[in-house]
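Notes to accompany the following structure.
The values are calculated or read from the model by the stated rules, or taken from the named source; none is laboratory data. Values in this document were obtained by computation on a predicted structure and should not be read as measured data. Glycine also receives a Cβ, built like all others from the backbone with ideal geometry; neighbour counts cover every protein chain displayed.
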Amino acid sequence: MSMPDRSRLLAYARARRAALHWVDRYQPKGAMYPAVCRSCGATEWQGHWRWDEVPPGLPPVLCPACERIRDGAAAHRVVLTGALPPHWPAVRELIAQVERAEVQADPLQRVLRIDIGDDRVEVPTTGLRIARQLVAAILRRWRHGLRVQFDEERTTIEWLPQRASPAARG
């Protein structure tokens, strides 16, 4: 195993260990009851949110993902910086693909409004799992030329400028 692969695996392990002790104030506490989200239509049963048929008579509540979207409170942010502009259309499509897959599997995993700045793009998410999936998809697509830094609140992915080959320079 090469040194960059080893350091990437160690960074993943540190991020996963930090996530174990993280407490989400948007997760409901106390007795669970069947309910339906009045915003997105997801149903909750025994603490799990799903895209099920909505039985009549369920009380309307706001699911944790819709609460986060309303409050603009991201669980995690994926920050993209560096030489991103040539890759942005492909990255945007990759974000959409990952979000479609994650939302279908779990209604609480969503991407909030993407903030596009001059030198960076911030992708806030409602859950840690979708953020990890986004980072993994970007790392699979662009293996080389990336620098990744994991924190508790954000993961920063920096596109490094492409170096010209010696034959192209000379």
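List of remarks:
- Wholly within the stretch 52-169, strands (runs of 3 or more DSSP E) carrying at least 2 residues that are of a type in the set (Ser, Thr, Tyr) and out of contact with any Pro (no Cβ under 8 Å at 6 or more places or on another chain): 154-159
- Only one of the numbered conditions (1) without any contact (Cβ under 8 Å) to a residue 24 or more places away in the chain; (2) within 17 Å of the chain's Cα centre (by Cα); (3) over 15 Å from ALA137 (Cβ atoms) is violated by PRO56, and that is (2).
- Contact annotation: residue pairs with Cβ atoms under 6 Å, 6 or more positions apart or on different chains, pairing a residue in the stretch 32-50 that is closer than 16 Å to GLN109 by Cβ with a partner that is among the polar types (S, T, N, Q) and not in a loop (DSSP other than H, G, I, E, B), are ARG50/THR43.
- Being surrounded by fewer than 18 Cβ atoms within 10 Å (Cβ to Cβ) and out of contact with any helix residue (DSSP H, G or I) (no Cβ under 9 Å at 6 or more places or on another chain) is true of ARG100.
Residue-by-condition table, conditions (1) surrounded by fewer than 12 Cβ atoms within 10 Å (Cβ to Cβ); (2) closer than 22 Å to TYR26 by Cα; (3) among the hydroxyl-bearing types (Ser, Thr, Tyr); (4) at pLDDT below 90:
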| residue | (1), (2), (3), (4) |
| --- | --- |
| ARG68 | no, yes, no, no |
| ASP71 | yes, yes, no, no |
| ALA74 | no, yes, no, no |
| PRO85 | yes, no, no, yes |
| ILE95 | no, no, no, no |
| PRO107 | no, yes, no, no |
| VAL121 | no, no, no, no |
| PRO166 | yes, no, no, yes |
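- Test: residue in the stretch 87-95 that is over 30 Å from TRP51 (Cα atoms) and more than 17 Å from the chain's Cα centre (by Cα): yes
- Meets criteria (aliphatic (A, V, I, L, M) and modelled with pLDDT of 85 or more) for VAL23: no
- Residue-level analysis places ALA90 among those that are modelled with pLDDT under 95 and under 17 Å from ARG141 (Cβ atoms).
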